[in-house]
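Report on one structure; see the data block that follows.
The values are calculated or read from the model by the stated rules, or taken from the named source; none is laboratory data. This is a predicted model, so every value here is computed, not measured. With ideal geometry, Cβ positions are generated from the backbone for all residues, glycine too; neighbour counts draw on all protein chains shown.
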Amino acid sequence: MNASAKTNVTVTESQSVHRQLDLADPDDRPNSVVVIFDGECRFCQKQVRRLKAFDSGNRLSFISLHDPRVHERYPELTHDQLMDQMYAITADGSRYGGAGAVRYLSRHLPRLWWLAPVMHIPFSLPLWQWLYNRVAIRRYKLSDKMGDACDDACSIHLNK
């Protein structure tokens with residue numbers, strides 16, 4: 001498969017994830033906070049659906065890390081970084097990854113304000129990041145254990 005055919009397949013798969021999850025696209029909300037997530041991960045999809053439900057002010061848009069636009073728009077973020085954690089990127093270009101993204105979102109989504117005091121305990125971010133990393137590393141196994149049908153993407157990562 002040549003590069004342009006692969007890109008078209010990836011865009012189609014990414015668009016399918018957007019349609020399936022009914023997510024706002026960054027192209028449709030240019031001033032939104034862009035949440036980059038693993039669109040092939042059922043656990044991640046479930047968490048993004050929750051974020052979407054918490055976004056009563058339509059402040060967020062979502063894009064799978066597998067969408068070629070991510071590499072075009074955020075070339076400084078490597079594939080490995082994106083596979084390690086979700087990112088929230090603001091309209092001014094500020095980037096928050098993992099627990100930092102959760103912390104940022106807890107301040108900007110009213111339905112998550114209850115989480116903000118806990119996430120902002122002084123000097124606690126390293127602990128939250130450690131916990132975030134433990135979940136992120138196990139996300140494919142967690143998805144499988146939660147009964148979500150696992151496809152090829154999960155089986156690749158479950159065997160690691």
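Some notes on this structure:
- Single residue of segment 118-152 satisfying the filter (of a type in the set (Gly, Ala, Ser) and either at pLDDT 95 or above or within 22 Å of SER61 (Cβ to Cβ) (or both)) that is surrounded by the fewest Cβ atoms within 10 Å (Cβ to Cβ): SER124
- Of all residues making up segment 29-58, the number that are part of a loop (DSSP other than H, G, I, E, B) and within 14 Å of the chain's Cα centre (by Cα): 4
- Residues that are crowded, with 16+ Cβ neighbours inside 10 Å, in contact with a strand residue (DSSP E or B) (Cβ under 6 Å, 6 or more places away or on another chain) and among the polar types (S, T, N, Q) do occur in segment 21-42.
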